[in-house]
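Below is one structure; the comments refer to it alone.
The values are calculated or read from the model by the stated rules, or taken from the named source; none is laboratory data. For clarity, every value in this text was computed on a predicted model and none was experimentally measured. FYI the Cβ positions are ideal-geometry reconstructions off the backbone, even for glycines, and counts take in every protein chain you see. Please note that ligands, DNA and RNA were not included when accessible areas were found on the heavy atoms of the full protein model with its side chains. Shrake-Rupley method; radii C 1.70, N 1.55, O 1.52, S 1.80 Å.
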Amino acid sequence: MKALSFFKRKSGMSVEAFQAYWRTTHPDVVTRMPGVRRYVQSHTLRSGYRKREPIYDGIAEVWFDDTRAMRALAGTPEYAAVQADEANFIDRSTMDLIVTEDHVIKDAPVPIDGVKNVEFITHGPGMSIEAFQRYWREVHGPLAALIPMVRRYVQSHVRPAIYQSGRTPRYDGVALTWFEDTQAMRASAATAEYARVRADEANFIAPDPPFIITREHVIVA
């Protein structure tokens, strides 16, 4: 399972300083936490700030063997150190986290300097979570996998246990798609396959899902 968090940088901090601190300093405390199997940071591209502030400055993905391993961190000094350090570069009022399971829809090698589109998904009104997740994975996923420029495509679904506990997450999942570069991403939007994917979104998700375009940095493989 995976803990996926999203956030904005601390007020008054430049994007350059935020990204440098997150990538070079913060990993020291995250990697000390027991049970971390994989840790990836995805930083919003600098070009994403040219016209307006993006909804998030990036996402962090941390994988664990299971929810028991994640819950075991509560109250530990290692987890407290992570939270304390977040205040040095994150506006914690903007920070949220969803606990997800990954479904790999399309898998191919991704270049080190490739780009990763991160789309935050909310299920459509009147649709059950079970129906939403099934449609996203079994109907929409194969359609998106046909877009020729998409190198890799992963759906991160919020775990059903979250809803069963009565909680309502900010998003129901995140769609992660990797491209060779931003030119390939732009070219994909002109394809017939992309048009079919966008038309299908109205069948299962809320309109205009927010997104950021990022470059990922694998901290713990």
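Looking at segment 129-221, the accessible area is 49 square angstrom per residue; that uses a 1.4 Å probe and ignores ligands, DNA and RNA. For LYS8, the aspartates and glutamates whose Cα falls under 17 Å of its own Cα, not counting residues fewer than eight places away in the same chain, are GLU16, GLU53, ASP57, GLU61, ASP85, GLU86, ASP91, ASP96, GLU119, GLU216.
Each residue of segment 158-163 is assigned a 3J(HN,Hα), and the resulting list reads 4, 5, x, 4, 4, 5 Hz, derived from the Karplus form 6.51 cos²θ - 1.76 cosθ + 1.60 (θ = phi - 60°), x at Gly and Pro.
Computed over the alpha-carbon pairs of segment 119-221, the distance histogram in 10 Å steps reads 13, 45, 31, 10, 0 percent, short to long. For the peptides 19-30, 148-159, 166-177, the ranking by mean Cβ contacts within 10 Å, running from highest to lowest, is 148-159, 166-177, 19-30.
For the chain, the share of accessible area belonging to carbon and sulfur comes to 52 percent (1.4 Å probe, ligands and nucleic acids excluded). Under 5 Å between amide hydrogens, built in the peptide plane, is the criterion, and for THR94 it picks out LYS8 among residues at least 5 positions away or on other chains. For ARG38, the residues whose modelled amide H falls within less than 5 Å of its own, excluding neighbours fewer than 5 places apart on the same chain, are TRP63. Taken along the Cα-to-beta-carbon direction at a fixed 7 Å, the label points for ILE112 and ALA202 span 4.5 nm.
Compared with the dominant Cα axis of the chain, that is its longest principal axis, helix 192-201 is turned about 70°.
Computed from Cα positions, the angle between helix 15-24 and the longest principal axis of the chain comes to roughly 70 degrees. Surface exposure of segment 1-99, expressed per residue as accessible area with a 1.4 Å probe, stands at 50 Å². Amide H contacts for ARG151 (H built 1.01 Å from N in the peptide plane; partners 5 or more residues away or on another chain; cut-off under 5 Å): TRP178, PHE179, GLU180. The angle between the Cα long axis of helix 77-86 and the main principal axis of the chain comes to about 70°, on a 0 to 90 degree scale. Divided by 2.2 N^0.38 Å, where N counts the residues, the Cα radius of gyration of the chain comes to 1.01. In this simple spin-label approximation, ARG170 and ILE129 carry label points 7 Å from Cα along the Cα→Cβ vector, and these lie 1.8 nm apart.
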